[in-house]
1. Residue B:173: which lysines have alpha carbons under 24 Å from its alpha carbon, excluding same-chain residues fewer than 8 sequence positions away?
2. Average partner chain C-beta neighbours within 10 Å, per residue of A:52-59?
3. Which order do B:292, B:106 fall in if you start with the one that has the fewest other Cβ atoms within 10 Å?
4. Which order do B:271, B:227 fall in if you start with the one that has the fewest other Cβ atoms within 10 Å?
5. Filter the chymotrypsin sites (Phe, Trp or Tyr not before Pro) in region B:151-206 down to the DSSP loop ones having no more than 14 other Cβ atoms within 10 Å, then list what survives.
6. On average, how many beta carbons from a partner chain sit within 10 Å of the beta carbon of a residue in A:42-50?
7. Are there GluC sites (Glu not before Pro) in region B:216-296 that DSSP marks as loop and that have at most 16 other Cβ atoms within 10 Å, and which are they?
8. Find out how many positive minus negative residues lie around residue B:214, taking Lys and Arg as positive, Asp and Glu as negative, among other residues whose Cβ is under 13 Å from that of residue B:214.
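What follows is calculated from the coordinates using simple rules that are stated; it is not laboratory data. Since we're looking at a predicted model, the values are computed, not measured. Cβ: placed from backbone, ideal geometry, glycine included. Neighbour counts: every protein chain shown.
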Amino acid sequence: MENLIPANVFCANHNIEISFISSLQETGLINITYIEEAGYIPESQLQQLEKIVRLYYELDINLEGIETITHLLQRVNLLQEEITVLKNRLRLYEAI
Amino acid sequence: MFIDYYKILGLSKSATQQDIKNAYRKLARKYHPDLNPNDKDAKTNFQQINEANEVLSDPEKRKKYDQYGKDWQHAEEFEKAGQHRGQSASSDGQRFSGAQNDREFSDFFESMFGSFEGAGRRSQIKYRGEDYHAELHLNLLDAYETHKQTLTVNGKKIRISIPAGIENGQTIKIPGHGGQGINGGPNGDLYIAFSIANHPKFKRLGNNLYTTADLDLYTAVLGGDITLDTLNGKVKLKVEPETQNGSKIKLKNKGFPVYKNKGQFGDLYITYEIKIPTNLTKKQKELFSELSKSQS
């Protein structure tokens with residue numbers, strides 16, 4: 001079970017247009033659940049959505065830019081995880 | 001300590017409001033925490049440029065800063081002199097979130113301007129609190145069993161359960177234990193990164209453990225039983241005759257617990273190190289000599 005936040009409530013709280021949420025859904029940056037034509041944001045997406053709102057409204061980064069940043073940040077995370085695994089391996093060989 | 005806000009934004013004292021806005025926007029894009037996850041330096045830089053913008057984008061604050069900045073300890077006099085002018089204007093500048101916590105302003109700022117009271121077009125928006133990042137050091141035995149531990153994060157005590165099998169460098173999220181939300185927003189999360197020290201005897205790689213076992217020459221040649229320490233007790237092993245130095249054996253399910261998979265364990269790999277006897281007696285030397293001759 002996952003909590004769903006009505007998209008219109010999120011928009012009212014953040015002073016943003018509902019069309020912005022729809023654009024994010026179209027670009028695949030977030031997934032919205034529709035129940036009887038009303039859009040809901042899964043709680044698990046809230047953090048990502050708030051980040052996107054900050055990037056868009058505060059740093060004036062357009063959706064294409066946000067898509068690129070999101071992709072690159074995912075790559076950074078993967079690389080950081082890989083570095084951790086490699087460091088662990090290195091520790092093993094250095095200790096022998 | 002005096003902070004040179006112009007220097008932080010890379011501007012001269014004659015900078016216009018537009019120059020300040022442009023410099024701030026450029027630096028905010030570079031150092032915004034959303035774009036620099038887990039980068040403490042970027043976060044510090046972002047807080048500094050936020051603070052610099054807070055002062056320089058507000059004409060009243062900028063005037064006070066320009067006049068008293070280097071002599072900030074006498075700024076109170078300015079306050080008294082300026083009381084008749086009424087309340088100071090609120091900032092026209094935009095302040096980015098991500099560093100929205102009041103406590104993130106420097107002592108210098110607080111001394112000159114008091115606590116930050118919120119400014120900018122988005123000040124009534126609910127913001128999620130800041131995420132906290134902490135590091136927890138464990139030894140290998142701590143990570144071997146699920147256990148509870150009490151941590152103090154920003155003055156608050158938090159009791160967490162650490163599942164067996166946690167990896168060095170792994171991070172776990174404790175939802176809602178980060179910074180307090182702004183304007184009624186939800187609290188941030190606490191991220192705990194684990195640093196697990198190497199064990200003097202056991203090396204860990206994933207869920208497998210690696211160790212060495214000393215074997216005397218006679219047991220290696222003739223075979224026999226040895227007792228070996230594992231992380232959860234002793235095991236008795238049968239050594240095959242003519243065991244070679246450096247040969248390895250695997251003890252299934254005697255390795256490290258698999259994270260969040262109760263009852264599952266990795267394997268333990270043992271490398272035999274055969275010890276050549278020293279301080280031989282005359283008789284022993286003769287026997288080895290005889291043995292040597294029998295080989296040729």
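1. Here the lysines satisfying the reach criterion relative to residue B:173 are A:51, A:87, B:40, B:43, B:126, B:148, B:156, B:157, B:260, B:262.
2. 6
3. B:292, B:106
4. B:227, B:271
5. Passing both the DSSP loop test and the Cβ count: no residue.
6. That works out to 2 on average.
7. Working: sites: B:242, B:273, B:286, B:290; in loops: B:242.
Answer in residue order: B:242.
8. Numbers: positive: B:201, B:275; negative: B:216, B:229, B:273.
Charge balance near residue B:214 sits at -1.
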